[in-house]
Amino acid sequence: MTLFAAIRLPREILFGKGQRQVLPDVAARYGRRAFICTDERFAGTSVFAEMIASLKEASIEVLVHDRTLPDVPRDSVAVCVAEASGFRPDMVIGIGGGSCLDMAKCAALLISHGGRLQDYYGEFKVPGPTLPLIAVPTTAGTGSEVTPVAVISDPERTLKVGISSPHLIAAVALCDPDLTLTCPPGLTAIAGADALTHAIEAFTAARRGTDPTLPQKHVFVGKSGLTDHFALLAIKLLGRSLEKAFRDGSDEDARADVMMGALAAGCAFGTAGTAAAHAVQYPVGALTHTAHGLGVATMLPYVMRYNLSAATNEIAETGAALGLPRTGNTPEQAAAATINEVARLFGAIGIPKTLAELGLPADKVDWTAEQALGIDRLIKNNPRGFDIVAMQRLVKAAYDGDMDVAAT
């Protein structure tokens, strides 16, 4: 096939030590009234107080919503938006982890277009541009600062649900790795493992670019020349520094690598999409109430083993990006070594090795497989296809810790 590429990104990405200090200059380009979404923990920090003071000193009026909850409960978004109704903001600024950034996306959407959040579930349901969004991440994992998706939890649905639209992409991603220095080891591990899973699933995703209208019909379109560039950068940075950042949170170089890795992974999967590891995590997370990053990372080595026959070269290239030697190895040997290295890295930072360790009940293995198979936007991205028997076998292998069964 001829070369195909697609990418959707913010208008501006600013990355580096101290970048939070330019927030007033960036915000001033979008108006004088900023609605800020964060959570209670970060709102109580001196760094946040300094950021708010700097905005006010630049004559930018602010209204802060500091009650963002994990996984963004649907009804909490309506409460957030109601607070902004009389303020009439010119922009929304999300400051915090992935949930804070997703809350900011949802707030910008409903302030701009009204209605109920559930009116926009799925792909391409947002009718037009929203208020400008400035995304300031304080963790390094979700990549939400550059992606076109917001994930929320709906009490009427068992699984979390997404709103996917290019209109949700932030106008500006403002990334200062110093904001991650206080992240505890556990959060560093979970977020970083999520980012590495994003990058590997984006790089090994199916190549679907034969229909020129594909990016007009789907938000996530599979791997392409541009998403591969960002995915490999993310794999390289996370491979060399995630374990370092986990072991020594004060290592500024490692923190910068991990935050850039998460950013690059977001640039990759925000257009390429993710695949089976994420599909299985949705029902697993619903049942176990464990962190998203734990679930996708637990699944990733098994999914890579399942995909080995269909993505040998890509998995081998992943190993090269991780720094593994290729001399004398066949692609199959290099790919097998790559899977072992991913499993080793995740084990070193405390990621569970099996779904049983995550707390998945044994009698829910088949239900998990059925639910995962039904998430078509992810399953169609997987380089090797699934039927229900194959998915049941994969989930059971990940439950038992049997990598050999995962390959069948």
With angles folded into 0 to 90 degrees, how steeply does helix 388-400 sit against the dominant principal axis of the chain? Use alpha carbons for both and round to 10. 90
Out of all DSSP beta bridges with both ends in region 99-183, state the antiparallel percent to the nearest 5. 50
What is the Cα centroid distance between region 170-226 and region 1-65, reported in whole angstrom? 20
Set the bar at 18 Å for Cα to Cα. Now go through 125/217; 244/353; 364/396; 223/396; 105/160 and name every pair that lies beyond it. 244/353; 223/396
Sorted from largest down, what three extents in whole angstroms do the Cα atoms of the chain have along their principal axes? 61, 46, 43
Sorted from largest down, give the three principal axis spans of the alpha carbons of region 297-408, whole angstrom values. 45, 30, 23
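Computing the accessible area with a 1.4 Å probe over protein heavy atoms, can you report the carbon and sulfur percentage for the chain?
Carbon-and-sulfur percentage of accessible area, whole number: 52.
Calculated from DSSP H runs of 4 or more alone, at -39500 (n - 2.57) each and per residue, what is the 222 nm mean residue ellipticity of the chain, nearest 500? Mind dumping the intermediate values first?
Numbers: 18 runs with 207 residues, N = 408.
So the calculated ellipticity at 222 nm is -15500 deg cm²/dmol.
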Which whole-number value in Å³ per residue fits the convex hull of the alpha carbons of region 144-282? 123
Set the Förster radius R0 to 22 Å, insert the Cβ-Cβ distance between residue 250 and residue 57 as r into 1/(1 + (r/R0)^6), and round the FRET efficiency to 0.05. 0.15
Per residue, in Å², the accessible surface of the chain once ligands and nucleic acids are set aside, probe 1.4 Å: 38
May I ask for the distance between the Cα centers of region 321-350 and region 261-294, given as a whole number of Å? 21
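The values are calculated or read from the model by the stated rules, or taken from the named source; none is laboratory data. A quick note: this is a predicted structure, and the numbers were derived from the prediction, not measured. Note: ideal-geometry Cβ built from the backbone for every residue, glycine included; neighbour counts use all protein chains shown. For the accessible areas, the whole protein counts, side chains as well, though only heavy atoms, and no ligand, DNA or RNA atoms are used. Shrake-Rupley method; radii C 1.70, N 1.55, O 1.52, S 1.80 Å.
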